[in-house]
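The values are calculated or read from the model by the stated rules, or taken from the named source; none is laboratory data. Everything quoted here is computed from the prediction, not taken from an experiment. Note that we place each Cβ from the backbone using ideal geometry, even for glycine, and neighbour counts take in every protein chain shown.
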Amino acid sequence: MKRLLLASAMTTALLGGSANAADLARPAPVYAPPPVVVPLFTWTGCYVGGNVGGIWAADSWSDTVYGGFGSGTASGALGGAQLGCNYQVGAWVFGIQGDYDWTSASSNTANTIIPTFFPGIVGLSDSTTHNSLGSVTGRVGYSWDRLLGYVKAGGAWLNSNYAFQVNGLNVASDSATQSGWTVGLGAEYAFLNWLTGFVEYDYYGFSSASPAGLVCGAAGTCGFVTNTIGITTSVNVVKAGINFKFGPGSF
């Protein structure tokens, strides 16, 4: 009996030692940190930014009494601000945007019609200076991660000063705000989650402005009578700018 108990004790000791040795030989588990999840960029959110560019405005003057007064192209620089919001669904991006730009594009075109009727008037010209350009548009775009291509369309407004000049001096002047429409296309790239840059082309068409009419007497004196002058304007704009984005994933 004693021999049996001794044998059992020795067997248990040997088995326990073997198990402990196996435990000591097995490497300790290594717990790696979970992988960092990098969120995908989203265009969803709102933004505000600024832009600079060039403007080319073709102005056509006419009068209900005397006929066409000629046309000219006013060109210059423009700059301003924009704000808007986007919502992304899959790769498609839908948004709304408001723009406001200042400019001083001007033109001066010789008026040969009035001097035909009134030979005493010499050196008459039509002067136009465009002051500001604004629009509210809807946007639809398609994104390739951080690159967005888009088209836009909506309503627009153009504020301008108009004058008849004789040898460079104003003899009559007025201002008006034309309403119209705009379409455009552009591309935008997200350099950071909160900073994007864009380039854009826009076309604007404006209804006839009626700032005033011109009546010239035989002695060459001129004054305004409303609703006889009509000025239609088409505008081309190329601009670039940056936007500061805020919303999901921006910071």
So which residues in segment 119-164 are crowded, with 19+ Cβ neighbours inside 10 Å and either of a type in the set (A, V, I, L, M, F, W, C) or on the phi > 0 side of the Ramachandran plot (or both)?
-> Ile121, Leu124, Leu133, Leu148, Ala156, Leu158, Ala163, Phe164
Can you tell me which of Phe69, Phe41, Phe94 is more than 19 Å from Ile231 (Cβ to Cβ), in a strand (DSSP E or B), aromatic (Phe, Trp, Tyr) and modelled with pLDDT of 65 or more?
-> Phe94
Starting from segment 87-102, take each residue that is buried (at least 16 other Cβ atoms within 10 Å of the Cβ) and list its partners that are in a loop (DSSP other than H, G, I, E, B), counting only C-beta distances under 9 angstrom and pairs at least six apart or across chains.
-> Gln88/Thr42; Gln88/Trp43; Gln88/Thr44; Val93/Trp43; Val93/Thr44; Gly95/Trp43
Scope segment 167-189; condition part of a strand (DSSP E or B) and at pLDDT below 85; matching residues | Leu169, Asn170, Val171, Ala172, Ser173, Asp174
Tell me, yes or no, whether segment 76-91 has at least one residue that is modelled with pLDDT under 95 and hydroxyl-bearing (Ser, Thr, Tyr).
-> no
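Residues checked against (1) free of Cβ contacts under 8 Å to residues at least 60 places away in the same chain; (2) part of a strand (DSSP E or B); (3) charged (D, E, K, R); (4) farther than 30 Å from Val199 by Cβ:
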position: Ile121; (1), (2), (3), (4): no, no, no, yes
position: Ser127; (1), (2), (3), (4): yes, yes, no, yes
position: Gly134; (1), (2), (3), (4): yes, yes, no, no
position: Arg139; (1), (2), (3), (4): yes, yes, yes, no
position: Ser143; (1), (2), (3), (4): no, yes, no, no
position: Tyr150; (1), (2), (3), (4): yes, yes, no, no
position: Gly154; (1), (2), (3), (4): yes, yes, no, no
position: Leu158; (1), (2), (3), (4): no, yes, no, no
Take the residues of segment 221-241 that are at pLDDT 95 or above and among the aliphatic types (A, V, I, L, M): which is surrounded by the most Cβ atoms within 10 Å (Cβ to Cβ)?
-> Val235
Which numbered condition Ser135 fails, given (1) touching a Lys or Arg at 6+ places or on another chain (Cβ under 9 Å); (2) more than 19 Å from Gly180 (Cα to Cα) | (2)
